[in-house]
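These notes are about the structure you will find just below.
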Amino acid sequence: MKELDLHGLTHADAVSQSEDYILRLSVDELFECRLITGNSLKLQTKLIVMLKKHDFKWYIPTWNTGEIIVSY
């Protein structure tokens with residue numbers, strides 16, 4: 001699974017880079033990727049708003065709450 005590690009980025013940069021990354025990957029409607037967020041609920045909330053805007057499916061796995069799995 002492809003992944004994007006967002007550690008060390010500002011929240012604005014993390015959301016912007018995630019949006020660009022996911023939109024590029026989503027040309028394949030079977031795509032799935034992992035956004036590595038760390039345990040920042042604030043960042044995860046901002047990312048979820050962006051994902052909902054584009055109608056992507058997402059979940060935060062119970063075994064690792066520091067990431068978001070995204071699909072179409």
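Some points to look at:
- Residue tally, condition more than 21 Å from T10 (Cβ to Cβ) and modelled with pLDDT under 95, over region 26-49: 6
- V49 being within 21 Å of N64 (Cα to Cα), surrounded by fewer than 12 Cβ atoms within 10 Å (Cβ to Cβ) and among the aliphatic types (A, V, I, L, M): yes
- Applying the criterion of at least 3 residues that are free of Cβ contacts under 8 Å to residues at least 12 places away in the same chain to the strands (runs of 3 or more DSSP E) found wholly in the chain leaves an empty list.
- Taking the numbered list (1) closer than 13 Å to D5 by Cα; (2) touching a His at 6+ places or on another chain (Cβ under 9 Å) in turn, K46 passes all entries but (1).
- Those residues of region 5-23 which are more than 16 Å from F56 (Cα to Cα) and either in contact with a Ser or Thr (Cβ under 7 Å, 6 or more places away or on another chain) or of a type in the set (F, W, Y) (or both), in sequence order: L6
The values are calculated or read from the model by the stated rules, or taken from the named source; none is laboratory data. All figures in this text were calculated on a predicted structure; none of them were measured in a lab. Glycine gets a Cβ as well: all are built from the backbone with ideal geometry, and neighbour counts include every protein chain shown.
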